[in-house]
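Colleague: Here it is, the structure, as C-alpha cells.
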Amino acid sequence: PHGPVVVGVDGSAWTEPALAAAFAEAAARGTGVVAVHAWADDVVDPAVTALVDPDGRAEDERRLLDDALAPWADKHPDVRVRRVLAHDRPARALVTESGWAQLVVVGSRGRGGVAGMPLGSVGRALLSHAHCPVLVARDGPG
C-alpha cells in the first residue's frame, strides 16, 4: 500500500494514456511514479550483433524515456519520478518492478494474433504474474 505506481513506457502513442493514468493515480495516492522502459535486442545474427553499439542504444533509450516523461513531470511537479532502463523483455522488467509497487499501469497495443484484442502480450503477462493490481489504459489510437 505504500509503494509507487509503476508505468511501462515504450515511446508509442499507447504510452500517453498509461502515463496520464499513472501520474493521476500517483498524485491521488500521494506516491511517486517508477517509469520503466525496457527493450530487448531481437537480432540473432552474430555478425549483425557485433555492429550494435550498446552504449549508443542505451543512450537512445534513455532519451526516449526522458522525452516521454517530460510533459507529465511538468504537469505533476509534486509526483516524484524514478526512471528505470532495462535491457530486458518489457513484461519481465515490469513484473520485477511490480514487487515493490501498489499499482502497475500499461497501455495496450493489442498486437496479438487477433486484431482488436484488448490486451497485448505485456498486459497479459502482467495480469498473470504481477505482484500488485494492474491497470491497462486503452485510450490510444485506433
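The values are calculated or read from the model by the stated rules, or taken from the named source; none is laboratory data. Since the structure is predicted, the reported quantities are computational estimates derived from the model, not experimental observations. Each accessible area value is taken on the protein alone, full model and side chains, heavy atoms only, with ligands, DNA and RNA left out. Shrake-Rupley method; radii C 1.70, N 1.55, O 1.52, S 1.80 Å.
Colleague: Enumerate the calculated ³J(HN,Hα) couplings along the stretch 8-17 in order (Karplus 6.51 cos²θ - 1.76 cosθ + 1.60, θ = phi - 60°), each rounded to whole Hz, writing x wherever the residue is Gly or Pro.
Modeller: Per residue, the Karplus-derived 3J(HN,Hα) values read x, 10, 10, x, 7, 4, 6, 5, 4, x Hz.
Colleague: While we're here: Applying the Karplus parametrisation 6.51 cos²θ - 1.76 cosθ + 1.60 with θ = phi - 60° to the phi angles of the stretch 78-91, what ³J(HN,Hα) value in whole Hz is obtained for each residue in order, glycine and proline being reported as x?
Modeller: Each residue of the stretch 78-91 in turn: 8, 8, 5, 10, 10, 9, 10, 9, 9, 7, 7, 5, x, 4 Hz.
Colleague: Which shape class, rounded, prolate or oblate, goes with the stretch 60-101 when its Cα gyration tensor gives a ≥ b ≥ c as root eigenvalues, a/c under 1.5 marks rounded, and past that a/b bigger than b/c marks prolate?
Modeller: Details: a/c = 3.28, a/b = 1.40, b/c = 2.34.
It is oblate, given that a/c is not under 1.5 and a/b is not larger than b/c.
Colleague: Turning to a different aspect of this structure: Determine the order of SER121, SER108 by accessible area, beginning with the largest, at a probe radius of 1.4 Å.
Modeller: SER121, SER108
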